[in-house]
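These notes are about the structure you will find just below.
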Amino acid sequence: MTLDSLVRDRRIIVCGGSGGVGKTTTAAVLAMRAAEGGRRAVVVTIDPAKRLADALGLGDLTNEASRVEGPWPGELWAMMLDTKSTFDDLVAKHAADDDQLQRILGNRFYKNISGALSGTQEYMAMEKLYELAEETDFELIVVDTPPTRNALDFLDAPARLSRFLDHRLYKLLTASNRGVLRAVNMATQTFIRTVARVVGADVIDDAVAFFQAFDGMEEGFKRRADRVAQRLRDSDTAFVLVASPRRDTIAEAEFFAEKLIEGGIDVDALVVNRMHPRFAEGLAEATRERADSLGGTDIGSLYRNLADFQLVASREEENLAGLAERVAPAPLVRVPFLRSDVHDLDGLRQIEAELF
Amino acid sequence: MNPTEYFAASRLLIVAGKGGVGKTVVTAALARAASLVGRSALVIEVEGKSGLPRMFGRTDPEERGLGYDEQVLRRGGADGSADVVARTITPDQALIEYLEDHGLSRITKRLVSTGALDVVATAAPGIRDILVLGKVKQLQRTGAADVLVLDTPAAGHAISFLRSAKGLLDAVKVGPINTQARDVLDLLEDHERCQVLLVTLPEETPVNELVETAFSLEDQVGVGLGPAVVNGLYEEYDGLDADPAVAAAEAGASLRPGEAVALAEAASFRRHRIALQHEQLDRLGERLPLPQVRLPFLFEAEIGPEEVDVLAHAVLAGVERLDAGVELGVGT
């Protein structure tokens, strides 16, 4: 398997990894590659990546896909995930009528869900992915995930949210209004009153109003979440792990990979950005000794500098070895430290030249 | 500014920055710097998973993680250095402690076990953050150490994390959470007791993000900003523009085959990176009138006690260059 075969054959590519390792840019390059191969591709980014929008020649990325003009036979589209409006769309899909929809959209608790409930952003990224896969004719959808440390955060996100919406507290809250269960719920009432004492009663009222408005929709949400989770495990979905060679980000990537594998998802490729170049074979220590013996001269400085890069390059390779083994047989693709940031399509092409 | 004063004047240092800029390394360096000038430091980590013990040479499996109890990372010594200790504060733990302190321990178990905390946290966003910050405030108030260094969540939530107090004051008008939020806000707004140190790399995107974060924090939270910490600067060597063959001849040394090319390429790479980092440092200085503390890039990729010491000394040198007479802050 190669990156090229993923870009050519798969329907969905998910780019995952910790923050600051170049996920968004990698995702954009993969989509561009597909367009160059004649496919209709869309890249969905999570960050409000102004720089990526600029690089693609777009003024802004929005929740609607915009077409990127370029000299390729296929099509390249880009969009940014808007958690709130994706969630609104999802609610609209499941609401029984306009009245229910409006009651939910206007609820303060609901407004908080998109911003505050952990996992919502991850869920909406997966939801958007599913929607694009089911309802559009894009041939390749590349999505970068939120910078989560734990892969399970987004693998579990759909299930977690549906559990939340189907929460026992919700059942208790709504059931307590139905006469039969009133007695059973004395303990719950006390519990809720105590919670209300801590956080304030109107906060709880908002939550109760939300769960009441949501009544009846949780089944639809749960079924949808199951399908989304299933889609992530389909054989035409590829997972590309993106990392940088620093010790701590490698450790996070290893943790991430482990969780993916536990969750039944294979890593199909590993991209390591920001690798330091190796200018010479041999040991840094030997070069360093030579530098020290020539201390105070220009050639001593030149050796000292070379030793620095030999050292960092060998450390980076050591750091990578374990991770590469863990995701094997997935290919490991190294992208060197670039001389400058990506500002335009040429910048993306430079990365492309390293990736493929 | 005398580092001894600096680490006493700001009792709580909040380290913030986007993922990948080396926030935790900087946290370690700040704590160690304080300890080197005799100020005990308590590092507070909020994600329950940290490379900190490793950076201080704690490689035993039991010592590798951080727990809710304080753990000594480095003992002070006869040289006048003080202890560096560390602990984790997670929202769930902070909540349990909070409820117990408020005589509500009987609902604690239920709140956590039913997952009702999720519901409450969604009803009043920021409640997790305020619980953590409330505990930090308590540690600060009780003088748990001379200096507290707080490593903020990595995923770019520094602003929402620090805004939680203000947000909650609007959402929760009465009760203990309101009091808690007010107390936390008092601490955050007290520039004597609390400073936020933003960490960045000398690269375009991280610099842009730091500038944006600095202005948002000052506008939206009213926190005092400490120096901007620029991490990962290549040390500058003289002589890197010399031609290797000529330089070798001058020193009476001979080059092995192929070595001239390798030396020249490596030198060119470093010169280019250094030119770029100057550009970024200047840009940061122009856009953000904050003093800068600059930390070297460490070619030794694994950070251990020696590397932390190198960075801690760089912190001390940076702090000494701070002008004591100037109030640190974007607005001044």
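Laboratory data are not the source of any read-out in this text; all were calculated from the coordinates shown. Worth saying up front: this structure is predicted, and the values here are computed from it rather than measured. All Cβ positions, even for glycine, are placed from backbone atoms using ideal geometry, and neighbour counts span all protein chains on display.
Data for the structure
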| quantity | calculated |
| --- | --- |
| Point-to-point label distance, A:ALA96-A:GLU64, nm (Cα→Cβ direction, 7 Å offset) | 3.3 |
| Distance (nanometres) between label positions extended 7 Å along Cα→Cβ at B:GLU189 and B:THR59 | 4.9 |
| Modelled FRET efficiency - R0 41 Å, A:ARG103 with A:ALA353, Cβ distances, 0.05 increments | 0.15 |
| Projected area averaged over orientations for segment A:242-297, convex hull of C-alpha atoms, nm² | 5.8 |
| Relative contact order, percent, segment A:239-332 [alpha-carbon distance under 8 Å, six or more residues apart] | 36 |
| Residue exposure sequence - A:GLU285, A:GLU352 - by fewest surrounding Cβ within 10 Å | A:GLU285, A:GLU352 |
| Spin-label model distance (nm) - B:PHE215 vs B:ARG287, 7 Å beyond Cα toward Cβ | 0.9 |
| Likely footprinting exposure, A:HIS276, B:HIS278, fewest C-beta neighbours within 10 Å first | B:HIS278, A:HIS276 |
| Rounded to 10°, Cα long-axis angle of helix A:186-199 versus longest principal axis of chain A | 50 |
| Angstrom value of the Kirkwood radius, inverse mean 1/r, which spans all Cα pairs in segment A:1-136 | 16.2 |
| Extension gain, A:ASP344 back to A:ALA321 (0.36 nm per residue minus Cα-Cα distance, nm) | 5.0 nm |
| Likely footprinting exposure, A:LYS222, B:LYS135, fewest C-beta neighbours within 10 Å first | A:LYS222, B:LYS135 |
| Most to least packed among B:232-239, B:314-321 [average Cβ atoms within 10 Å] | B:314-321, B:232-239 |
| Rounded, prolate or oblate (a/c below 1.5 giving rounded, otherwise prolate when a/b exceeds b/c) for segment B:182-332 by Cα gyration tensor | prolate |
| Net length gained if the chain between A:PHE337 and A:ALA201 were fully extended (0.36 nm per residue, minus Cα distance) | 43.6 nm |
| Radius 15 Å from Cβ of B:ARG321, net charge of other residues (Lys, Arg +1; Asp, Glu -1) | -2 |
| Distance from segment A:215-248 to segment B:170-239 (C-alpha centre basis), Å | 34 |
| On Cα atoms only, tilt of B:204-220 relative to the major axis of chain B in degrees | 30 |
| Anisotropy class of the protein assembly as shown from Cα gyration tensor, a/c 1.5 cut | oblate |
| Within chain A, percent of DSSP bridges classed antiparallel, to nearest 5 | 10 |
| Per-pair calculated FRET efficiency, R0 = 45 Å: B:LYS173 and B:ALA8 via Cβ, rounded to 0.05 | 0.75 |
| Computed [θ] at 222 nm, helices only, for the protein assembly as shown once each DSSP H run of length n ≥ 4 contributes -39500 (n - 2.57) | -17000 deg cm²/dmol |
| Cross-link partners of B:LYS173 among lysines (Cα-Cα below 29 Å; sequence separation of 8 or more within a chain) | A:LYS84, A:LYS111, A:LYS171, B:LYS109, B:LYS135, B:LYS137 |
| Under the Debye formula (equal points on every Cα, no solvent term), log10 I(q)/I(0) of chain B at q = 0.06, 0.07, 0.10, 0.16 Å⁻¹ | -0.25, -0.33, -0.63, -1.36 |
| Partner lysines for A:LYS23 [C-alpha distance under 17 Å; skip if fewer than 8 residues away on the same chain] | A:LYS50, B:LYS18 |
